[in-house]
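Nothing in this text is a laboratory measurement; each read-out follows from the coordinates by a stated rule. As the structure is a computational prediction, the values presented were derived from the model and not from experiment. Using ideal geometry, Cβ is built from the backbone for each residue, glycine included, and neighbour counts are taken over all protein chains shown.
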Amino acid sequence: MDYIEPPPDPKPDQKKYQRKFRKVRLKGKDESQIVIQKAQIRDVEEILELVNGFAASNLMLPRGPQYLYENIRDFVIASDKTVPVYGLTETREILYLIVACGSLHVLWEDIAEIRALAIHPEYQHLGLGSKLIEFMKQEAEQLGIRRLYTFTLTEDFFKTLGFKRQKRAELPAKVWGECSRCPKYFQCDEVGMVLEL
Ligand SMILES: CC(C)(COP(=O)(O)OP(=O)(O)OC[C@H]1O[C@@H](n2cnc3c(N)ncnc32)[C@H](O)[C@@H]1OP(=O)(O)O)[C@@H](O)C(=O)NCCC(=O)NCCS
C-alpha cells in the first residue's frame, strides 16, 4: 500500500490570520508598561497575526491554529498595558495588545529550539526580542537544557545575544524535522545558530 502523507496543518483562514499587523496608535511607548508572560489559549489568534504578518514577507515560517494550540505551552508573549484591545472579558479582565512573541520547543535531552520570535514592527529595537530570549533561556536552564539553537535570517540579532553560527552538518539531525515543513526547504537561506547554556 502507498504511504499517504498526513495532512499538513490546516491553512489558517487567510483573511483572519494573514492580516498584516494590527494598526497601533502610539502616544509614545512606555517600556515599563510592557509585560512579558507565558501565553494562554486566548492569545492564539493574536500570536498568529503577529507571526503570519512576518511569514507573509517570507521572514518566518507560517503557522496555523493547530500548531499554536498544540504548542501553546512553548509560547511567551509581551503585551502593552497602554493598548487595551478587548474590554472586560467574562473573567472581568482587560486584554492588552500582544506586541511580541517567541517560543521554546524542547527537541531532545540537551537541546531546545527558539521558534516564532516576532516583534511587532512598531516595537522593534526596544530590547524586547532580547528580553524574550532571556526569558526563554531561563526557562531552558530550569528544564536542564544545555543548548539553544535557531534557524534565522537575522544572524546579527542572535550574535548580540551570544549565539554562534553553526554549520548545518554539525547540528543534530533532530533539528531538521521542522525544516521539512518549510516552503523554503530546497532553497533555504537561513543560518543555524547555537547558544551553549
Ligand atoms: C529580529 C527581531 C526579533 C529583533 O527584535 P528586537 O526587539 O527589535 O531586538 P532588540 O531590540 O532586542 O535588539 C537588540 C540588538 O540586536 C540587533 N538587531 C536587532 N534587530 C536586528 C535585525 N533585524 N538585524 C540585525 N541586527 C538586529 C541590534 O544590534 C539591536 O540593538 P539596537 O536596537 O541598539 O540596534 C525583530 O526585529 C523581529 O521580530 N523581526 C522580524 C521577524 C524575525 O526576523 N524574527 C526572527 C526569526 S528567527
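Listing for the model above:
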{"quantity": "Spin-label pair Thr91/Arg42, simplified geometry with 7 Å Cα→Cβ offset, distance in nm", "calculated": "0.6"}
{"quantity": "Pairwise centroid distance, computed over Cα atoms, of the range 121-197 with the range 83-101, Å", "calculated": "29"}
{"quantity": "Calculated over the range 103-197: convex hull of Cα atoms, volume per residue (Å³)", "calculated": "100"}
{"quantity": "HN-Hα J in Hz across the range 74-84 - Karplus 6.51, -1.76, 1.60, θ = phi - 60°, x for Gly and Pro", "calculated": "6, 8, 10, 10, 10, 10, 9, 5, 9, 10, x"}
{"quantity": "Net charge over other residues, Cβ less than 10 angstrom from the Cβ of Phe75 (K, R count +1; D, E count -1)", "calculated": "+1"}
{"quantity": "Translational diffusion of the range 14-196, µm² s⁻¹ [Kirkwood Rh, Cα pairs; Stokes-Einstein; 4 °C; 1.567 mPa s]", "calculated": "76"}
{"quantity": "Beta bridges per DSSP with both ends in the chain, % antiparallel, nearest 5", "calculated": "90"}
{"quantity": "Cut-off under 5 Å, modelled amide H: who pairs with Leu117 long-range", "calculated": "Ser103"}
{"quantity": "Largest to smallest principal axis extent of the C-alpha atoms in the range 25-88, angstrom", "calculated": "33, 26, 20"}
{"quantity": "For Leu195, net neighbour charge (Lys/Arg +1, Asp/Glu -1) across residues whose Cβ lies under 12 Å away", "calculated": "+2"}
{"quantity": "Relative exposure of Asp80, Asp43, judged by other C-beta atoms within 10 Å (fewest first)", "calculated": "Asp43, Asp80"}
{"quantity": "Stretch gain in nm, segment Gln66-Leu126, where the contour uses 0.36 nm per residue and the Cα spacing is subtracted", "calculated": "18.5 nm"}
